[in-house]
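Structure, as structure tokens:
The values are calculated or read from the model by the stated rules, or taken from the named source; none is laboratory data. Values in this document were obtained by computation on a predicted structure and should not be read as measured data. A quick note on method: Cβ atoms are made from the backbone with ideal geometry, for glycine too, and the neighbour counts reach across all protein chains shown. Keep in mind that these areas ignore ligands, DNA and RNA; they rest on the heavy atoms of the full protein, side chains included. Shrake-Rupley method; radii C 1.70, N 1.55, O 1.52, S 1.80 Å.
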Amino acid sequence: MEKEKKTDELVKLNIKDATMCEATAQMLRKAERDGVETAFHRAATMKACPIGADSACCKHCSMGPCRLNAKDPYGKVGVCGATIDTIQARNFARMVASGAAAHTDHGMSMLDLFREVVNGHIKEYRIKDTIKLEEVCRELGIEVEGRSPEEMAKDLYKELERTYIQVEGEIPFAKRVPEKTLETWRKHGVVPRGAMREIMELMHRTHMGVDQHYENITKQCTRTALSDGWGGSMVATEISDILFGTPTPVRAEVNMGCLKEDEVNVIIHGHEPNLFESMLDSVNDPSLIQAAKEAGAKGINLVGMCCSGAEMLSRHGIPHVGNFMSTEAILITGAVDAMGVDVQCIKQGLAKVAECYGTNLFTTNPRCHIEGAEHIQFEEHAPRECTDAIVERAIVRFKNRKLPIEIPQIRNLGVHGFSHEYINYMLGGSFRSSYTPLNDNIINGRIRGVAGVVGCTNPRVRHDWVHVELVKELIKRDVLVVQTGCSQIALAKAGLYTPEAAHLAGAGLREVCETVGMPPVLGLGSCVDNSRILIACAEMVRVGGLGESIADLPVAGAAPEWMSEKAISIGHYFVASGVYTVFGVTFPIVEGTKFHKLLFEGLADMGFGTWGFTPDPYEMARLMVAHIDAKRKALGIDKARERVLMDMASRRDLEAA
Ligand code: XCC
């Protein structure tokens, strides 16, 4: 982002270029009036390190750090002799290891909670969705007939524990992978064993002087990423659904206008739903509501941010006030009485902004403390102790509010909460629930293909804008879009989560949306819920008519404003599963190197998907649609689509017949 001028310490942003989110823009203007710095300001003054951006440096040992030249990548090697390909592959693989570890650790927390609930050691949570419990058990070959939920759950715990700790064999959810895709994985030796083992081995292999062939490093990188998508993340999603309920469509509001000036505002930001679920109980506790009223508030207003928020938005319709790049901006309203955070995507800068506005910022998780924030540990055996304490402190802050409050009055209503199970039901109906109608609509060309548009927001590009433009381009071309995380919130703020937004879609997709009454963009939840997209892909293959492996499907993925290592892990597990996946912002590999060729061409030749890159949303849409069309052609269904586009009237006649 370009900087305009410097006054005193704080750089003045060109706010229009920084964000397309009006609420965030309003708060950035206030921040500048108040002399408060945000990540937007820091990004404007801190140029990204050009060597790091190209991944042309290695700091894996103290003979370096070694800097290679991205313009002449093969001109020199590191002190140990490591080539540009080894260095880039190691750096990339470590991003995958870290991202996979984050999702895996999150999933493992959910599984720990599940075990304690099933064993009766934790009474504050319980199994809410026994139907899903049964379904998952059945899929994994666990006996369900005549058994109690507790009996099934105990076996399910034991089975899913293998996802993490197994040292030999295939992870349990490999059973969900289409046979031909699994065959490809087996052929290349990348079926994950247990996530802990894969991550450990990847960290070992990328140590100085171990794996020094970029192809072999990529192999373990692939295996690790798959242990995230079909392992750590999938278990997190499935266990959360079993414990807290599987999402079904729910009308809910997003944006900063969901804050209420006359109520005690509490935000939960992070990733693990157990904290948020407990907070939901706390804010509904009559004694705490009474205390809030005694402090002069009309009530307690609980809202979410980032992925925790996206998950609660999908599952319970809890209002969501903004994605990753709005987390500092929301504090600038002065209306936030407490923000409780757990893990992942929590900017350290929040502590300073919170201090400026007298907001209580609480860390709650033993894995995440922040200097300057108060820590109230969340214990699953007594969850309310933490969340009640946060609410009590929020009430005190409400009572003592001194600074003026400015809440952007923007709220966007939409429909959220489309689990892969619901898509089944929605398109298939209650008596023939299946993906057949989705496949049929793809085969007859009304729906051209499906795109997953997911991931973060990033101050290196115009906030929300790349997501919004990309998705608009895709639906215009009859591509059904499924979303998670911060991307989902960007589109919800742009108004695309209403059934009425179908008018922005091409004729074919619009017709399907209008028949079913669904928006052209379906939100599936948080980052770990990208696993729902994998399951949907597997279902599309299973139902038939669209090829034998995920790589045959007319689908594509994108993370247009990615920033985290988790995004790289997600991107790589989609690629490894067979999906063409395009990233924006920047790509941490030098073009033209052997490693670059492997990721952008070679993997596809091996039967996987492939990586793509462009920062431009229009080019991104073009690449994705071209890929979808190429897959349609390979499946022999391109003709159906041409006929649909050329002759709408005869298509209607055909249907009426
Ligand atoms: Fe984080 Fe998950 Fe990225 Fe948003 S999208 S910035 S990882 S909160 Ni998942």
Inspect all residues belonging to region 83-105 and state whether any of them is in a loop (DSSP other than H, G, I, E, B) and over 17 Å from F244 (Cβ atoms).
-> yes
Okay, strands (runs of 3 or more DSSP E) sitting entirely in region 195-314 with 1 or more residues that are away from the ligand (no atom under 16 Å from the Cβ) and among the acidic types (D, E), I get 250-254
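A quick yes/no check of all residues on (1) under 30 Å from A53 (Cβ atoms); (2) within 25 Å of the chain's Cα centre (by Cα):
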{"position": "V79", "(1), (2)": "yes, no"}
{"position": "A93", "(1), (2)": "yes, yes"}
{"position": "A101", "(1), (2)": "yes, yes"}
{"position": "I122", "(1), (2)": "no, no"}
{"position": "C137", "(1), (2)": "no, no"}
{"position": "E150", "(1), (2)": "no, no"}
{"position": "Y157", "(1), (2)": "no, yes"}
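Is it the case, given these coordinates, that I142 is among the hydrophobic types (A, V, I, L, M, F, W, C), under 21 Å from E380 (Cβ atoms) and outside any helix (DSSP H, G or I)?
Numbers: among the hydrophobic types (A, V, I, L, M, F, W, C): yes; under 21 Å from E380 (Cβ atoms): no; outside any helix (DSSP H, G or I): yes.
Here the answer is no, as I142 does not meet what is asked.
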Of the residues in region 138-168, those that are open to solvent by less than 40 Å² (accessible area, probe 1.4 Å) and either β-branched (V, I, T) or within 30 Å of E201 (Cα to Cα) (or both) come to L140, I142, V144, L156, Y157, E159, L160, T163, Y164, Q166
Given the criteria within 30 Å of N14 (Cβ to Cβ), open to solvent by less than 30 Å² (accessible area, probe 1.4 Å) and either more than 16 Å from the ligand (Cβ to nearest atom) or within 21 Å of the chain's Cα centre (by Cα) (or both), does Q409 qualify? no
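What are the residues in region 159-181 that are of a type outside the set (K, R) and touching a Gly at 6+ places or on another chain (Cβ under 8 Å), if any? First the steps, then the outcome.
From region 159-181, those of a type outside the set (K, R) are 159-161, 163-174, 177-179, 181; that's our starting set.
Answer for region 159-181, where residues must be of a type outside the set (K, R) and touching a Gly at 6+ places or on another chain (Cβ under 8 Å): T163, Y164, I165, Q166, V167, I171, F173, T181.
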F608 fails exactly one of (1) in a loop (DSSP other than H, G, I, E, B); (2) of a type in the set (A, V, I, L, M, F, W, C); (3) under 19 Å from the mean Cα position of the chain (by Cα), namely (3)
For region 169-194 the number of residues that are farther than 18 Å from V541 by Cα and either out of contact with any Ser or Thr (no Cβ under 7 Å at 6 or more places or on another chain) or open to solvent by 30 Å² or more (accessible area, probe 1.4 Å) (or both) is 8
When you check T387 against the structure, is it over 23 Å from the mean Cα position of the chain (by Cα) and in contact (Cβ under 8 Å) with a residue 24 or more places away in the chain, yes or no? yes
(1) open to solvent by less than 10 Å² (accessible area, probe 1.4 Å); (2) away from the ligand (no atom under 16 Å from the Cβ); (3) of a type outside the set (F, W, Y) all hold for N424 apart from (1)
Of the conditions (1) away from the ligand (no atom under 11 Å from the Cβ); (2) in contact with a Cys (Cβ under 7 Å, 6 or more places away or on another chain); (3) not polar (S, T, N, Q), the single one that L509 does not satisfy is (2)
(request) Check region 18-33 and report whether any residue there is surrounded by 13 or more Cβ atoms within 10 Å (Cβ to Cβ) and either more than 26 Å from A335 (Cβ to Cβ) or at pLDDT below 95 (or both). (result) no
In region 436-471, anything within 16 Å of the ligand (Cβ to nearest atom) and assigned to a strand (DSSP E or B) is listed as G452, V453, H463
Residue pairs qualifying under the 8 Å Cβ cut-off, at least six apart or on distinct chains, with the first in region 301-317 being open to solvent by 10 Å² or more (accessible area, probe 1.4 Å) and the second being within 13 Å of the ligand (Cβ to nearest atom) and not in a strand (DSSP E or B), are R315/P273; R315/G525
Matching residues in region 472-496 (part of a loop (DSSP other than H, G, I, E, B), open to solvent by 10 Å² or more (accessible area, probe 1.4 Å) and either touching a Pro at 6+ places or on another chain (Cβ under 7 Å) or within 19 Å of A310 (Cα to Cα) (or both)) number 2
Contact list, first residue from region 467-487 and without any contact (Cβ under 8 Å) to a residue 60 or more places away in the chain and polar (S, T, N, Q), second anywhere and assigned to a helix (DSSP H, G or I) and within 16 Å of the ligand (Cβ to nearest atom), beta-carbon distance below 7 Å, six or more apart or interchain, is Q483/L491
Result of the Cβ filter at 6 Å on region 103-132, keeping first residues that are farther than 30 Å from S564 by Cα and partners that are open to solvent by 70 Å² or more (accessible area, probe 1.4 Å), at least 6 apart or interchain, is V118/K154; I122/H381
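Name the single residue, out of those in region 565-579 being within 12 Å of the ligand (Cβ to nearest atom) and among the hydrophobic types (A, V, I, L, M, F, W, C), that is nearest to M234 (Cα to Cα). Let's see the steps before the verdict.
From region 565-579, those within 12 Å of the ligand (Cβ to nearest atom) are 565-571; that's our starting set.
Now drop any that are not among the hydrophobic types (A, V, I, L, M, F, W, C), which leaves 567-568, 570.
Details: A567: 15, I568: 17, I570: 12 Å.
So the residue we want is I570.
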